[in-house]
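Participant: First, the structure itself, so that you have it in front of you.
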Amino acid sequence: MHYFLDQDIKFLTGVGPKRAEILNKELGIFTFRDLLYYFPYRHIDRSKFYSINELNADLPYLQIKGKIIGIETAGDKRHPRLVVFITDGTGIIELVFFKGVKYIREMLKRGMEYVVFGKPSIFNNKLNIIHPELEEAATHQKKLNTPFQPLYNTTEKMKNNFLNSKAIYKIVAGLVQSMKTTLQETLPEHLVKEYHFLSHHDAVLNIHFPSSIETLNKAQYRLKFEELFFIQISILRQRKIRHVKSVGLVFARVGDYTNNFAKNNLPFELTGAQKRVVKKLRENMRSGRQLNCLLQGDVGSGKTLVALICALIALDNNLQVCIMAPTEILANQHFSTFTKMLNGLDIRLGLLTGSTKKKVRTSLHEALLSGELQILIGTHALIEDNVQFKNLGFVVIDEQHKFGVAQRSKLWKKSEITPHVLVMTATPIPRTLQMTVYGDLDVAVINELPPGRQKIETKHYTDALRMRLFGEIRKEIEKGRQVYVVYPMIEESEKLDIKYLRDGVESFIRSFPPPQYRILEVHGKMKQDEKNEAMLDFVNHRADILISTTVIEVGVDVPNATMMVIESAERFGLSQLHQLRGRVGRGGEKSVCILMTKEDIGTVAKKRMKAMCDTNDGFVISEIDLELRGPGNIEGTMQSGVPGDLKLANLARDGQIVQYARQIASKILDEDPFLEKAENTILAQHIQNQKKEVVDWGTIS
Ligand code: ADP
Ligand code: MG
């Protein structure tokens, strides 16, 4: 059996060398097995027919049955198209063909009944089906053994080589027919029995060719479960091992630094959520186990202060602290916040970024190594090999998604005992992702904003309302407030984007001429110190409008800025929009966010704009985001090394299966922590194999 499935795909009936090459390149299918595990994304119930008067362009692929009552050629000589009129008595619909016009015309018979399979869409302001599959109704009836036809994803290149969904369907059907033995079970037998799963074998066959909807559901459920369960079992096992093995520094004392700060320097009362989180972190850092915690809190929830208090506890225990920010602007800002907040406490702080001068750098290195420097704040520059600590005890990573796993682990290696790690993110992570991608981290949540914050009003304007926008900006500036204007910046088209930003700046200058209005510009193509200077000018209210690309996305704090204008907002992701919006509403004043888009944007983009207008809650936003992005597109939030290619499970929709899989995995591990029982050997084996493929994705360290 193994031998059979491991054969090169080119030897499979109906494939051959040429198609094999396409399958290799386009889908990564090399063996019979690969093809067997290439699952359909959907099934069509081919026993069900729609009637023509029910059709509309929102419906997916479907079937109708009808007689051809007319065939015409339209278009011009160079772009002819074939239009076929078909009726089923309830209405008439046009089938349109752009390719193979002559051939199809000759093949089709007027007056004959056909089964038409395709997707209704609007073309020339009319409802059509473009390039449907057609089959004589009589033939269709004869061939119908299972009514559920699987649909497989194919690429343009595949279609051009006659490897459409239907072709794949035939090849897979052939493969299944020639399979003589059963596929090995992948889950422990006791699990399959106890939870009434289909066997692995039945699930795989039925996911291609289900005998009924119920079996299809069961097959999908079983395979999704399996996928998610294996993730859970490795994450939870790794976590168990870490809990047993990891030695953490014990932060036994809370001493003068922390106490003096609380007594003399703390500028405001901590929010309830901040207190709760500080307490929890402090307990963990005293437990003897290494803290590896993801701190989530919406923009403006005061994460920095939590990090700062933990840092002081580290100092009280004679350990050093390092704080890593994703951008230089943000590192600078943290440095000045810390300097201000820690004023008078006699703490040595350092700032290390890409633009730190060589001389300063050298003396920083020395002071770190001697232990004299207590808190180092910086960017990626912190990771360089020549940055060495005397006794690093606590690491803070701000806005974690900008750093890769490998980069971070370089930081830990800087000390003998892994320091406590606090990863802070303002992008809330939906629960299912928390349990999978970030499954090994402890999670703490600040679910409360400091008092006095007002809801940021969010509006969606199309370009037609630009004059109104300018009017609103003018009013805001007259009140003495400042305004951000952000343009998208996407790397592939950097040149274009810069031009676009330039045009934007020019149009703003025309409407807001100096010296009455002061406009600043910050973008990625500027030198670092120019950027810093511009930011500083804005912070100190030496400008009214800051026009920038997304360099200001993370963390920047200018309480007097009360208006955020996002240009071409349709080009931003939802969490990015939310982040950007979080730059305003930081003072006591009412703030506004205006999303500018062109008139016609896609439906998904529209939903993003609506979500922004409807809610200020980052957690709600993150759930909607996951939903809109759908499966297979979550890699963006995933860290490198995580299996980004869940085949079937969809983290947005299968949250319940994730939870179920986690419960069951956890139960198994409680009873058999190291998977040593015979009945669980199969799991131990699986994890072993998986390890070979994927490098260490269960932990962030
Ligand atoms: P974020 O969680 O987005 O990093 P910050 O830590 O930058 O948020 O805090 C946002 C603003 O809220 C800062 O100006 C900070 O000084 C202020 N802040 C933080 N905690 C409190 C609090 N407990 N009460 C009042 N203001 C606070
Ligand atoms: Mg922050």
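The values are calculated or read from the model by the stated rules, or taken from the named source; none is laboratory data. These numbers come from a predicted model, not from an experiment. Please note: Cβ atoms are built from the backbone with ideal geometry, for glycine as well, and neighbour counts cover all protein chains shown. Accessible surface is based on the protein model in full, side chains and every heavy atom, while ligands, DNA and RNA are left aside. Shrake-Rupley method; radii C 1.70, N 1.55, O 1.52, S 1.80 Å.
Participant: Scan segment 38-76 for residues that are among the hydroxyl-bearing types (Ser, Thr, Tyr), in a loop (DSSP other than H, G, I, E, B) and open to solvent by 50 Å² or more (accessible area, probe 1.4 Å) and jot them down. Give the steps one after another, and end with the answer.
Facilitator: Applying the first criterion (among the hydroxyl-bearing types (Ser, Thr, Tyr)) to segment 38-76 yields 38, 41, 47, 50-51, 61, 73.
The next check asks that each one be in a loop (DSSP other than H, G, I, E, B); those that pass are 38, 41, 47, 51, 61.
Of everything in segment 38-76, those that are among the hydroxyl-bearing types (Ser, Thr, Tyr), in a loop (DSSP other than H, G, I, E, B) and open to solvent by 50 Å² or more (accessible area, probe 1.4 Å) turn out to be Tyr41, Ser47, Tyr61.
Participant: Just one of the numbered conditions (1) within 16 Å of ligand 1 (Cβ to nearest atom); (2) over 14 Å from Ile477 (Cα atoms) is not true of Gln528; which one?
Facilitator: In the conditions (1) within 16 Å of ligand 1 (Cβ to nearest atom); (2) over 14 Å from Ile477 (Cα atoms), Gln528 misses (1) alone.
Participant: Can you tell me how many residues within segment 344-360 are of a type outside the set (Gly, Ala, Ser), open to solvent by less than 30 Å² (accessible area, probe 1.4 Å) and under 21 Å from Glu384 (Cβ atoms)?
Facilitator: 3
One line per residue, one yes/no per condition, for (1) within 16 Å of ligand 2 (Cβ to nearest atom); (2) among the acidic types (Asp, Glu); (3) over 30 Å from Gln333 (Cα atoms):
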{"site": "Leu228", "(1), (2), (3)": "no, no, yes"}
{"site": "Ile231", "(1), (2), (3)": "no, no, yes"}
{"site": "Val247", "(1), (2), (3)": "no, no, yes"}
{"site": "Asp256", "(1), (2), (3)": "no, yes, no"}
{"site": "Lys263", "(1), (2), (3)": "no, no, no"}
{"site": "Glu269", "(1), (2), (3)": "no, yes, no"}
{"site": "Val277", "(1), (2), (3)": "yes, no, no"}
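Participant: How many of the residues in segment 545-562 are open to solvent by 10 Å² or more (accessible area, probe 1.4 Å) and either modelled with pLDDT of 90 or more or not charged (D, E, K, R) (or both)?
Facilitator: Taking segment 545-562 first, the residues open to solvent by 10 Å² or more (accessible area, probe 1.4 Å) are 550-551, 553, 555, 557, 559-560.
Pick out the ones that are also either modelled with pLDDT of 90 or more or not charged (D, E, K, R) (or both) and you get 550-551, 555, 559-560.
So the answer is 5.
Listed here are the residues, each with its yes/no results for (1) assigned to a helix (DSSP H, G or I); (2) buried (at least 20 other Cβ atoms within 10 Å of the Cβ).
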position: Gln141; (1), (2): yes, no
position: Lys170; (1), (2): yes, no
position: Val176; (1), (2): yes, no
position: Lys180; (1), (2): no, no
position: Leu183; (1), (2): no, no
position: Val192; (1), (2): yes, no
position: His201; (1), (2): yes, no
position: Asn206; (1), (2): yes, yes
position: Ala219; (1), (2): yes, yes
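Participant: Which residues, counting only those in segment 306-323, are within 14 Å of ligand 1 (Cβ to nearest atom) and either open to solvent by 10 Å² or more (accessible area, probe 1.4 Å) or touching a Gly at 6+ places or on another chain (Cβ under 7 Å) (or both)?
Facilitator: First, the residues of segment 306-323 that are within 14 Å of ligand 1 (Cβ to nearest atom): 306-311, 323.
Listed by number, the list holds a single entry, Ile309.
Participant: Do any helices (runs of 4 or more DSSP H) lying entirely in segment 410-515 carry at least 1 residues that are touching a helix residue (DSSP H, G or I) at 6+ places or on another chain (Cβ under 9 Å), modelled with pLDDT of 70 or more and more than 16 Å from ligand 2 (Cβ to nearest atom), and which ones are they? Reasoning before the result, please.
Facilitator: Numbers: elements: 431-435, 466-478, 494-511.
In segment 410-515, the matching helices (runs of 4 or more DSSP H) lie at 466-478, 494-511.
Participant: Which one of these does Cys310 not meet: (1) touching a His at 6+ places or on another chain (Cβ under 9 Å); (2) away from ligand 2 (no atom under 16 Å from the Cβ)?
Facilitator: Tallying (1) touching a His at 6+ places or on another chain (Cβ under 9 Å); (2) away from ligand 2 (no atom under 16 Å from the Cβ), Cys310 fails exactly one: (2).
Participant: Residues being more than 15 Å from ligand 2 (Cβ to nearest atom), open to solvent by 30 Å² or more (accessible area, probe 1.4 Å) and touching a residue at least 60 places away in the same chain (Cβ under 8 Å): count how many of those fall in segment 328-343.
Facilitator: 1
Participant: Since Lys610 meets every condition but one in (1) touching a Lys or Arg at 6+ places or on another chain (Cβ under 6 Å); (2) modelled with pLDDT of 85 or more, which condition does it not meet?
Facilitator: The single condition Lys610 does not satisfy is (1).
Participant: Considering each residue of segment 91-139, count those that are in a strand (DSSP E or B) and of a type in the set (A, V, I, L, M, F, W, C), and give that number.
Facilitator: Taking segment 91-139 and keeping what is in a strand (DSSP E or B), we get 92-97, 113-118, 120-123, 126-130, 133-136.
Now restrict to residues that are of a type in the set (A, V, I, L, M, F, W, C): 92-93, 95-97, 115-117, 122-123, 127, 129-130, 134.
Residues flagged as in a strand (DSSP E or B) and of a type in the set (A, V, I, L, M, F, W, C) within segment 91-139 amount to 14.
Participant: When you scan segment 519-535, how many residues do you find that are over 19 Å from Glu506 (Cα atoms) and without any contact (Cβ under 8 Å) to a residue 12 or more places away in the chain?
Facilitator: Total meeting the criteria: 3.
Participant: Do you know which of the residues in segment 555-572 that are more than 23 Å from Asp503 (Cα to Cα) and not in a strand (DSSP E or B) is farthest from ligand 2 (Cβ to nearest atom)?
Facilitator: Asn560
Participant: Something else now. Residues being under 16 Å from Asn56 (Cβ atoms) and open to solvent by 50 Å² or more (accessible area, probe 1.4 Å): count how many of those fall in segment 89-123.
Facilitator: Residues meeting the conditions: 5.
Participant: I would also like to ask the following. Got a number for residues in segment 588-628 being open to solvent by 70 Å² or more (accessible area, probe 1.4 Å) and either outside any loop (DSSP other than H, G, I, E, B) or closer than 26 Å to Leu648 by Cα (or both)?
Facilitator: Of the residues in segment 588-628, the ones open to solvent by 70 Å² or more (accessible area, probe 1.4 Å) are 589-590, 598-600, 603, 606-607, 610, 614, 623, 627.
Adding the requirement that they be either outside any loop (DSSP other than H, G, I, E, B) or closer than 26 Å to Leu648 by Cα (or both) leaves 603, 606-607, 610, 614, 623, 627.
Of the residues in that region, 7 qualify.
Participant: So, Thr327, is that one within 11 Å of ligand 1 (Cβ to nearest atom) and among the hydroxyl-bearing types (Ser, Thr, Tyr) or not?
Facilitator: Details: within 11 Å of ligand 1 (Cβ to nearest atom): no; among the hydroxyl-bearing types (Ser, Thr, Tyr): yes.
Considered against the rule, which asks whether it is within 11 Å of ligand 1 (Cβ to nearest atom) and among the hydroxyl-bearing types (Ser, Thr, Tyr), Thr327 comes out as no.
Participant: Are any residues in segment 463-480 surrounded by fewer than 14 Cβ atoms within 10 Å (Cβ to Cβ) and within 23 Å of His578 (Cβ to Cβ), and if so, which ones?
Facilitator: Correct list: Asp463 only.
Participant: Which of the residues belonging to segment 276-305 are open to solvent by less than 20 Å² (accessible area, probe 1.4 Å), touching a strand residue (DSSP E or B) at 6+ places or on another chain (Cβ under 8 Å) and either at pLDDT 95 or above or away from ligand 1 (no atom under 13 Å from the Cβ) (or both)?
Facilitator: Across segment 276-305, the qualifying residues are Val277, Leu281, Met285, Gln290, Leu291, Asn292, Cys293, Leu294.
Participant: If we keep just the residues of segment 143-168 that are part of a helix (DSSP H, G or I) and polar (S, T, N, Q), which is surrounded by the fewest Cβ atoms within 10 Å (Cβ to Cβ)?
Facilitator: Taking segment 143-168 first, the residues part of a helix (DSSP H, G or I) are 143, 156-160, 165-168.
Checking the rest, the ones that are also polar (S, T, N, Q) come to 160, 165.
Details: Asn160: 10, Ser165: 21.
Restricting to residues being part of a helix (DSSP H, G or I) and polar (S, T, N, Q), the top hit is Asn160.
Participant: Looking at (1) in contact (Cβ under 8 Å) with a residue 40 or more places away in the chain; (2) away from ligand 1 (no atom under 16 Å from the Cβ); (3) buried (at least 20 other Cβ atoms within 10 Å of the Cβ); (4) closer than 30 Å to Asn650 by Cβ, which one does Lys240 not meet, given that it meets all the others?
Facilitator: Every listed condition holds for Lys240 apart from (3).
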